[in-house]
Every structure is written in C-alpha cells, then in structure tokens.
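Shown next, in structure tokens, is the structure this report addresses.
Read-outs: derived from the displayed coordinates by stated rules, not from any lab. Values in this document were obtained by computation on a predicted structure and should not be read as measured data. Here the Cβ is made from the backbone with ideal geometry for all residues, glycine too, and neighbour counts use every protein chain on show.
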Amino acid sequence: MDTGVKVLIVEDNHDLRESVVEYLEMAGVAAVGVGSAAEFYAAVATGGWNVVVVDIGLPDQSGYVLVEYLRSNTAAKVIILTARNALDDRIRGYDAGADLYLAKPVDCRELAAAITSLTLRRESGPQHSVSSSPAPSRDTWTLARSDWSLVAPDGAVIALTGKEVRFLELLATTPGMPVPRGTLLLKLYNRHDEYTSRSLDSLVRRLRAKILAATDFPQPIKTAHAVGHCVSAHLHLA
C-alpha cells in the first residue's frame with residue numbers, strides 16, 4: 001500500500017542504506033537512498049521530501065551541516081540515524097534541528113514507526129507556509145518587515161530592531177514548533193558561544209518587554225526549555 005510519504009535516506013554504508021530503503025518500500029514508503037552530502041544536495045533540490053534520515057559520519061561533510069540546511073531551507077522532518085550516541089552528540093543533533101535522534105543499530109520497524117509518527121504530526125498540525133501566508137485574521141500578529149515593526153491583533157504597533165525582525169522571521173518558518181537555540185545563534189550571530197547565547201537571551205527579554213508594554217494580548221513568543229523558541233500564535237509575514 002502506497003502511503004504517499006517520500007523519504008530520503010542519507011547513509012554512506014551501502015548495505016545498510018539499501019536494507020533500509022528496501023524495508024521502507026515494502027512498508028509503502030517511497031524511499032530513495034544517497035551515500036554522500038553531494039548526492040544529498042542534488043536530491044533535496046528536487047523537492048517533495050516528507051522526511052530525511054541523515055547519518056552524521058558522511059565522507060564529504062558532517063551530517064550536522066545537512067540537518068541545519070534542511071531545517072533552514074525545507075519543511076521536511078529530520079531524523080538523525082547514527083552510531084554516535086553520546087549525550088553531547090545528541091544535544092548537538094537537536095540543536096542543529098533534528099526532530100528525532102536514533103542510535104544505530106536500529107530496527108527498521110522502529111524507523112518506519114518514527115517516520116509514520118512524524119508525517120502524521122505534519123498532516124494533522126497547522127498548515128502554514130511562509131511563502132504563501134494566508135490573509136491575516138483578527139487573532140493574527142503581523143510582522144511588517146519593511147517597516148521593522150510587529151503589529152498586534154489589536155492594532156498596536158511595536159518597533160523592532162533588525163535582529164528582532166530576523167528572530168521573528170526564523171520562528172515563523174516552523175509555526176508552533178521550536179526553532180533550536182543553536183540554529184538561532186548561528187543564523188543571528190554566525191556563531192554559537194557563551195557571548196552570543198547571552199545576547200539571544202537579552203534579545204528575547206527586550207522583545208517580550210516591548211510587547212508587554214504595547215498590548216494586553218498574550219505573548220506570541222514561547223520558550224521550549226532546553227530546546228529553543230517558537231511562536232504560539234499565527235504570525236503573518238508582510
């Protein structure tokens with residue numbers, strides 16, 4: 001039975017890659033396998049992937065870089081499948097933007113179940129698109145990027161800095177889901193260290209204070225502890 005789900009497997013071990021692809025195809029999943037980062041980029045350019053399963057130890061580029069690329073440029077769910085199972089590796093994977101981190105060896109039944117869970121979450125969740133945002137409703141916040149301002153549902157206008165505009169743009173790419181802290185730091189400050197971490201915390205505090213001073217509407221910015229930040233309301237990009 002064809003599930004309509006399209007999965008890309010990025011794994012340099014040929015035998016493992018082919019085994020996973022074969023199992024998923026028997027389960028009704030359209031799966032394609034590639035063995036390098038170069039092949040990954042070519043495949044991603046074709047579009048339409050629902051889930052991408054990424055190995056970290058690729059021959060030509062770190063899998064973490066691929067995960068960050070997927071999170072920034074596609075709507076695909078991302079599963080890391082790797083032999084690296086140390087806590088630091090797992091944290092780095094989630095910071096890069098992975099939805100799920102699985103350690104090898106993995107039973108193909110578990111991987112198939114994880115793919116099904118992620119795709120069902122996608123289908124039942126909010127169907128927003130940054131490139132084609134629906135018309136604002138009376139409960140919508142509007143990010144006026146050309147004016148560097150945030151407009152609350154009651155019409156209150158909040159002046160923003162360039163960094164604050166970029167921060168909200170990043171959150172709008174995954175409405176209702178947290179953008180990993182590591183991704184925010186790299187996108188906003190081009191590095192991930194203690195100094196930029198404090199800068200991000202200050203940015204969020206200032207932005208929340210501005211919103212609180214301008215409107216009685218509940219804060220649209222939420223923090224997912226130890227993960228990152230997200231918008232909990234509909235944010236229209238204008």
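Points worth noting:
- The ellipsoid equivalent to the alpha-carbon distribution of segment 6-124 has semi-axes of 18, 16, 16 angstrom, derived from the gyration tensor eigenvalues as √(5λ) and listed largest first.
- Ordered from longest to shortest, the equivalent ellipsoid semi-axes for the chain are 35, 20, 14 Å, each the square root of 5 times a Cα gyration tensor eigenvalue.
- Chain lengthening between CYS108 and GLU18 when straightened (0.36 nm per residue, less Cα-Cα): 31.2 nm
- Each DSSP beta bridge with both residues in the chain is either parallel or antiparallel, and the antiparallel ones are about 40%.
- Straight-distance candidates among the lysines for linking to LYS210, with alpha-carbon spacing under 19 Å and chain neighbours fewer than 8 residues away dropped: LYS163, LYS222.
- Given +1 at the Cβ of Lys and Arg, -1 at the Cβ of Asp and Glu and no other charges, the dipole of the chain around its Cα centre is 1020 debye to the nearest 20.
- Each label point was placed 7 Å from the Cα along the Cα-to-Cβ direction; for SER197 and LEU120 their separation is 3.6 nm.
- ³J(HN,Hα), Karplus 6.51/-1.76/1.60, whole Hz, each residue of segment 98-111, x for Gly, Pro: 5, 7, 8, 10, 10, 9, 7, x, 10, 6, 4, 5, 5, 4
- Degrees separating the helix 63-73 axis from the principal Cα axis of the chain, which is the longest one: 50
- A crude spin-label estimate for the pair LYS163 and ARG205, with each label 7 Å from Cα along the Cβ direction, gives 1.3 nm.
- Ranked by how many other beta carbons lie within 10 Å on average, peptides 68-76, 141-149 from highest: 68-76, 141-149
- Bridgeable aspartates and glutamates around LYS6 (alpha carbons under 18 Å apart, same-chain partners fewer than 8 residues away excluded): GLU18, GLU22, GLU25, GLU39, ASP55, ASP99, GLU110, GLU123.
- Theoretical FRET efficiency, 1/(1+(r/R0)^6), r = Cβ-Cβ of TRP148 and ALA86, R0 45 Å, to 0.05: 0.60
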